[in-house]
Structures are given as structure tokens and as C-alpha cells.
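The values are calculated or read from the model by the stated rules, or taken from the named source; none is laboratory data. No experiment lies behind these values; they were computed from the predicted model shown. Virtual Cβ from ideal backbone geometry, glycine too; neighbours counted across all protein chains shown.
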Amino acid sequence: MVEESREPSVEVVYATAAEQRIVTVRFSPGMTAARAVDLSGLLDAYPAIARHERVLGIHGTRVDPERRLEPGDRVEICRPLNVDPRTMRRVLAASGKVMGGAKKGAPG
């Protein structure tokens, strides 16, 4: 049986189309979302992150990089969108499709 660490921590997550990385970082009082990202090592592992404005989220909600964290928080490093979702919906609707791959009028 593996014993889990009892030290407070936060997770930092980054995903590409091909993979998802989750790094656990030891929590310290006053830690910000930006500091957790810096400590995660993901900026070194994925240099592409630095080429865009850094957008961070916690549980799917955008947060300021200076937001103070709580133990157990999960900081998400968001990638920029390739296509505006509103534009994609219009393109798909024009061809009789909807986002998510299902066809209009199809059950389910």
C-alpha cells in the first residue's frame, strides 16, 4: 500500500492535444497561482506556454496570476483557442452540423 503525503499541496495542469501533465507542488502560505506555475517546471517542459499571454484558471474559472492559493487548488494553464467558438459554430451550422460532432436533429 502506498501512503499519500500529508503535506499540503496544489496541482498545476497543462494539456496539449496529445497529452495532459499534472504536477503536484508543495503548498506554502501566500503562494500565488503564478508562483505555483513557476515551481511546477511546466514552463521549461513546454516552451510554447511562454509564447502567449499566460491565462490561468482554477476549476475552470479564469483567475489573476497573483491570486493566492489554498491547499488542494488545481491551477490550469490555458492554451489559446485556435478558432473563436462563435465562428466555429457559424461554420458548422452552415454545413448542418453542431459542435461536439453530432448532426442537427440527431438523437442524443
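Which of the following residues is free of Cβ contacts under 8 Å to residues at least 12 places away in the same chain, at negative phi, surrounded by fewer than 10 Cβ atoms within 10 Å (Cβ to Cβ) and out of contact with any strand residue (DSSP E or B) (no Cβ under 6 Å at 6 or more places or on another chain): Arg35, Arg51?
Just one listed residue meets the conditions, Arg51.
Which of the residues belonging to region 1-14 are closer than 12 Å to Val75 by Cα and either among the hydrophobic types (A, V, I, L, M, F, W, C) or free of Cβ contacts under 8 Å to residues at least 24 places away in the same chain (or both)? Spell out how you get there, then give the answer.
Residues of region 1-14 closer than 12 Å to Val75 by Cα: 9-14.
Answer for region 1-14, where residues must be closer than 12 Å to Val75 by Cα and either among the hydrophobic types (A, V, I, L, M, F, W, C) or free of Cβ contacts under 8 Å to residues at least 24 places away in the same chain (or both): Val10, Val12, Val13.
Got a sec? Which strands (runs of 3 or more DSSP E) wholly within region 14-108 have at least 1 residues that are at pLDDT below 95 and of a type in the set (A, V, I, L, M)?
Numbers: elements: 20-26, 55-58, 61-63, 74-78.
Per the criteria, 55-58.
Just give me the residues in region 34-89 being under 19 Å from Ala17 (Cβ atoms) and in contact with an Asp or Glu (Cβ under 6 Å, 6 or more places away or on another chain), in sequence order.
Scanning region 34-89 gives a single hit, Gly57.
Does Tyr46 meet the test of being surrounded by 13 or more Cβ atoms within 10 Å (Cβ to Cβ), among the hydroxyl-bearing types (Ser, Thr, Tyr) and in contact with a helix residue (DSSP H, G or I) (Cβ under 9 Å, 6 or more places away or on another chain)?
Numbers: surrounded by 13 or more Cβ atoms within 10 Å (Cβ to Cβ): yes; among the hydroxyl-bearing types (Ser, Thr, Tyr): yes; in contact with a helix residue (DSSP H, G or I) (Cβ under 9 Å, 6 or more places away or on another chain): no.
No, not satisfied.
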